[in-house]
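Before any comments, here is the structure.
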Amino acid sequence: MKKVDIANELYEKIGISKKEALNIVEIVLNTLKEGLKNGETVKIAGFGNFVVRSKKERKGRNPKTGEEIGIKPRRVVTFRPSHIFKQYISGSGDKRADK
């Protein structure tokens with residue numbers, strides 16, 4: 001699924017123009033990105049949590065040569081689905097996640 005697909009869903013279900021729908025999708029995604037960039041946890045009820053984690057510097061190995069290399073510290077985004085979302089995906093239980 002792409003941003004355009006989400007915008008088309010808004011267009012079809014709400015009846016706003018495709019351009020407005022795409023702008024709304026862009027605004028929502030940019031808001032989420034800014035929150036994560038600032039170190040905030042993004043919690044979407046019934047969907048899940050996006051969290052930025054810091055990974056420390058560590059040593060790794062080149063799989064081809066076996067040579068030990070340093071892996072620099074970095075920040076990564078993780079997603080943890082809500083219990084409702086997990087049930088929805090598995091096809092069992094509460095269907096509130098599709099509303």
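Just so it is clear, none of the values below were taken in a lab; they were calculated from the coordinates. Note that the structure is predicted; figures quoted are calculated from it, not measured. Don't worry about glycine lacking a Cβ; one is built from the backbone with ideal geometry, like all the others, and counts go over all protein chains shown.
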Requested in this report: Determine the relative contact order of the chain: mean sequence separation of Cα pairs under 8 Å and six or more apart, normalised by residue count, in whole percent.
Outcome: 19 percent
Query - GluC sites (Glu not before Pro) lying in DSSP loop within the stretch 1-47, provided at most 16 other Cβ fall within 10 Å - result: E40
**Report entry** Top positive-direction residue, dipole computed over the chain with Cβ charges, set F79, M1, G91
**Finding:** F79
Report summary line: Averaging 1/r across every pair of distinct alpha carbons in the chain and inverting yields a Kirkwood hydrodynamic radius, in angstrom, of 16.7 Å
Query - Gained length - E67 relative to K19, 0.36 nm times residue gap less alpha-carbon distance - result: 12.1 nm
Requested in this report: Would you mind working out the magnitude of the charge dipole of the chain relative to its Cα centre, with +1 at each Lys and Arg C-beta and -1 at each Asp and Glu C-beta, to the nearest 20 Debye?
Outcome: 540 debye
**Report entry** Candidate lysines - alpha carbon under 26 Å from K72, same-chain residues fewer than 8 apart omitted
**Finding:** K33, K37, K55, K56, K59, K64
